[in-house]
1. Mind counting the residues in the stretch 162-188 that are β-branched (Val, Ile, Thr) and open to solvent by less than 10 Å² (accessible area, probe 1.4 Å)?
2. Could you say which residue among Ser260, Ser242, Ser238 is modelled with pLDDT of 95 or more, open to solvent by 10 Å² or more (accessible area, probe 1.4 Å) and under 26 Å from Trp155 (Cβ atoms)?
3. Quickly run through the stretch 293-328 and pick out the residues that are of a type in the set (Val, Ile, Thr) and either in contact with a strand residue (DSSP E or B) (Cβ under 9 Å, 6 or more places away or on another chain) or under 29 Å from His396 (Cβ atoms) (or both).
4. Mind checking which pairs have a first residue in the stretch 326-339 that is more than 16 Å from Gly306 (Cα to Cα) and open to solvent by 10 Å² or more (accessible area, probe 1.4 Å) and a second that is of a type in the set (Gly, Ala, Ser) and in a strand (DSSP E or B), Cβ under 9 Å, 6 or more apart or different chains?
5. So which of Tyr197, Tyr227 is in contact with a helix residue (DSSP H, G or I) (Cβ under 6 Å, 6 or more places away or on another chain), assigned to a helix (DSSP H, G or I) and surrounded by fewer than 19 Cβ atoms within 10 Å (Cβ to Cβ)?
6. Take the residues in the stretch 280-315 that are open to solvent by less than 60 Å² (accessible area, probe 1.4 Å) and polar (S, T, N, Q); name whichever of them is nearest to Phe144 (Cα to Cα).
Amino acid sequence: MKLLPLISTIFFSILLFHFQHVAAAEYVRPPPGKIISTSHNRPDSHPQQVHISIAGNDHMRISWITNDKSVPSVVEYGKVSGKYNASSSTGEHTTYRYFFYNSGKIHHVKIGPLDSNTVYYYRCGGVGDEFSFRTPPSKFPIEFALAGDLGQTEWTASTLAHVNKTDYDVLLLPGDLSYADSQQPLWDTFGRFVEKYASKRPWMVTQGNHEVEAFLPLFKIESFKAYNTRWIMPYQESGSHSNLYYSFDVSGVHIVMLGSYTEFGIGSPQYEWLQNDLVKINRKKTPWVITIVHVPWYNTNIAHQGEGEKMRIAMENLLYKAKVDIVFAGHVHAYERFARVYANQANPCGPMHLTVGDGGNREGLALMFKKPTSTLSLFREASFGHGRLRIVNQTHAHWTWHRNNDDHNSSVSDEVWLANISANEECSKKAALQDDGEDISNNVIISDEL
């Protein structure tokens, strides 16, 4: 009988150790962060809200705002700090009005041609601070940072600080930038908030629901007014008639940015443009193809269930035929990684879908996922953070998800190696059969409805 207390003590000690270990390993979901308001503390003639974007082959677009509307839309640049002898480019400028709000002078200047993987120093409008950026490499490897649904909160600041700790070449943002939601001064604070990052590396963005900012026709406020005026992307360079969808090439990768909040059905301008864009892809020149949307087509989170289904039904077949490798989305404030999938079924020739809509938004995280878990969903986590896609060569890439632990560090909570679909002979055969009209929709490995 004397052994019974000893056995009980050992048992409960083991049990306590187990629960302590589990508790230590469990991730505690953080609450939303406070909004950070970044004030303007420069002279009216000096540039603010500076950001850069890829603008066609070997070119960059420099965008900024001045309160002084007499400042010229000119960018001086060169390879040596303080010596702008490479060239001087003149661009365009505009302003917009939103109810009682009047924007500053918004400048957009396209510069180039530029050398690859080279640091350039530049000055906007002939006055103010010097900025610098580095062009992407001309060949692999290349590294993309991905963060969706950013906003301008304490968690946004943490995410961008973590992004900046490790070098990258291009940032991809699948919608929901400023969370201004018609409060136009928040577009200005967002521009100032991200300037120290967006002025150094190209930021390539698409729109989300928080960019719509539409009102009744009575007020004559057009949708996406602020977004389209402030964040011009290379839509004209890619043959698109709308800033809401476009494509670009960078370092052996073709990236297609789609618009979840403009027409996408069969026969729509976006559908016709996408069809033409995908047909023109040269996989020898750009062996990797990536698509960005805001609303996810696959989603096991309780939040925003089914919102991307109509777009998926309309466009998924185009992406499958083009052998798109990855589809990134935002909107849902959580991280989720799916298997390669097509038509709601696991398919080794379909793209991998990833949701990264948790860059730091003010609304908080989407904590609830559907039960039971779909076998298509391989990893899910409600955490603020960012992703990294390092394309190593023509055939392989490495994906990592970096969870924000706090302001000082982040941790990799998910990672996977990807093989390029275009290098897969079986997938090429399937694509050829589909082009010939054969039904291959049931030629899959696993069937699992979401």
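1. Start the filter on the stretch 162-188 by keeping residues that are β-branched (Val, Ile, Thr), which leaves 163, 166, 170.
Now drop any that are not open to solvent by less than 10 Å² (accessible area, probe 1.4 Å), which leaves 163, 170.
Counting residues in the stretch 162-188 that are β-branched (Val, Ile, Thr) and open to solvent by less than 10 Å² (accessible area, probe 1.4 Å) gives 2.
2. Numbers: Ser242 fails: under 26 Å from Trp155 (Cβ atoms); Ser238 fails: under 26 Å from Trp155 (Cβ atoms).
After applying the criteria, what remains is Ser260.
3. Taking the stretch 293-328 first, the residues of a type in the set (Val, Ile, Thr) are 293, 295, 300, 302, 313, 324, 326-327.
Matches in the stretch 293-328: Val293, Val295, Thr300, Ile302, Val324, Ile326, Val327.
4. Matching pairs, first to second residue: Arg337/Ser377; Ala339/Ala346; Ala339/Ser377.
5. Numbers: Tyr227 fails: surrounded by fewer than 19 Cβ atoms within 10 Å (Cβ to Cβ).
It is Tyr197.
6. Thr291
This table checks each residue for (1) free of Cβ contacts under 8 Å to residues at least 24 places away in the same chain; (2) part of a strand (DSSP E or B).
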{"position": "His40", "(1), (2)": "no, no"}
{"position": "Pro72", "(1), (2)": "no, no"}
{"position": "His93", "(1), (2)": "yes, yes"}
{"position": "Ile106", "(1), (2)": "no, yes"}
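To keep it simple, each residue is scored yes or no on (1) surrounded by fewer than 18 Cβ atoms within 10 Å (Cβ to Cβ); (2) modelled with pLDDT of 95 or more; (3) in contact with a helix residue (DSSP H, G or I) (Cβ under 7 Å, 6 or more places away or on another chain).
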| position | (1), (2), (3) |
| --- | --- |
| Val119 | yes, yes, no |
| Cys124 | no, yes, no |
| Thr135 | no, yes, no |
| Ala147 | no, yes, yes |
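The values are calculated or read from the model by the stated rules, or taken from the named source; none is laboratory data. Quick caveat: nothing in here was measured; it's all calculated off a predicted structure. So basically every Cβ, Gly included, is an ideal-geometry build from the backbone, and we count neighbours across all protein chains shown. Surface accessibility is based on the protein's heavy atoms, side chains included, excluding ligands, DNA and RNA. Shrake-Rupley method; radii C 1.70, N 1.55, O 1.52, S 1.80 Å.
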